[in-house]
Amino acid sequence: MSLATHRLQSSATSFDGLKTIIRGNSVWLLAIAFAIFFSLQSAFFLTPFNISNVLTQCVFVGLLAIGMTPVVISGNIDLSVGAVVGLTACIVVALQPYGLGVAVLAALAAGLLVGLVNGLIVEKMGISSFIVTLAMMSGIRGLTFLAIGDISLSSTDDRLNTFAMLAIGPISIVVVLFAALAAIVGVVLRFTSHGRNTYAIGGNRSAAVDAGIAVSRHVIANFALCGLMAATCGIAMAANLGAAAPSFGRDYELLAITAVVLGGTRLQGGKGGVAGTLGAVLALAILRNGLNLLRVSPFYIPVVVGLVLIMALVLDRRVNRQAMRHGE
């Protein structure tokens, strides 16, 4: 083989590898494009304060999206996470007179319980996760309003708010906690048997059953994790605002699903990952923040976010079709 031929083959291999990297991380390229655009449009975008603000905005939707990712990979969905945020935020504030530790543990337990109930109903009764979690969302939201009323609860323990204000340099401790949780979920999905089985279940549930995988156990575990992450989001939101209300988390389930899908996770299951979800969360946070800096009416922002999602899905489908056509 001549040296020139060898170099051509090496270049082709490198190019194919570059295409794979770009296709797998296209949402990160979108986030970078948004950052460049808004930095050129507003002198305030790249300030340390605004960057810290963008990262903090990533946390709340990000916690829900990270928890939602394994659920969607396994071929399910959880619409109750927004309602769980409102419930657990109210719990952690309402129970503070009994001790902050008790309040936090009660909120986490409530989120975990909701997730377990969702998973058990879906698996043991064979009902669609869409229907189960939609009913759970409505029920939890209604019960929270019945218990608390249409009011806001003020935090009585300053330690919760003080914790949320801690920072490592310009980075909030809440952002650091979010990054750590995202890394843990990512490692679980990629490097454990539970993660591999989650992909197998979403890819072909019947084949997973035939292979001897305990499908119900893995699906229930993913729902439980999703509920726990939603509870963590509720606690973080209450800590950040120093208050709680039953309306907390309203429509956040839609933002979380948007981030998961935009990040490359298929709604049919079997494909996706935490890295893509993180990129989508960052891209959406930059987009919303940039539009606010440009003083775009808040009524237009959901429209823009929806258009971006549709465009991303169309482009992703075209790229996947081309890859299948070329046997990549």
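Data overview
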quantity: Neighbourhood net charge (9 Å Cβ-Cβ; Lys/Arg +1, Asp/Glu -1) for GLY86; calculated: +2
quantity: Helical contribution to [θ] at 222 nm, DSSP H n ≥ 4, -39,500 (n - 2.57), averaged over the chain, rounded to 500; calculated: -26000 deg cm²/dmol
quantity: Whole-Å distance, taken between Cα centres, linking the range 175-254 and the range 61-108; calculated: 11
quantity: 20 Å-binned pair-distance histogram of the chain (Cα, whole percent); calculated: 30, 56, 13, 1
quantity: Added length on full extension, which subtracts the Cα-Cα distance from 0.36 nm per residue, PHE130 to ALA180; calculated: 15.1 nm
quantity: DSSP H segments from the chain that extend 18 Å or more along their own axis, Cα-based, with Kyte-Doolittle mean of 1.6 or above; calculated: 26-41, 81-94, 100-125, 129-148, 173-191
quantity: Student exercise, the chain dipole from Lys, Arg, Asp, Glu Cβ charges, in Debye to nearest 20; calculated: 880
quantity: Most positive-pole-ward Cα, GLY195, CYS90, ALA231, against dipole of the chain from beta carbon charges; calculated: GLY195
quantity: Additional length obtainable on full extension of the chain from LEU143 to ALA109, 0.36 nm per residue less Cα span; calculated: 10.6 nm
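Every read-out reported here was derived from the displayed coordinates using simple, explicitly stated rules and does not represent laboratory data. Just so it is clear, the model here is predicted, and its values are computed rather than measured. Positions of Cβ are generated from backbone atoms using ideal geometry, with glycine treated the same way; all protein chains shown enter the neighbour counts.
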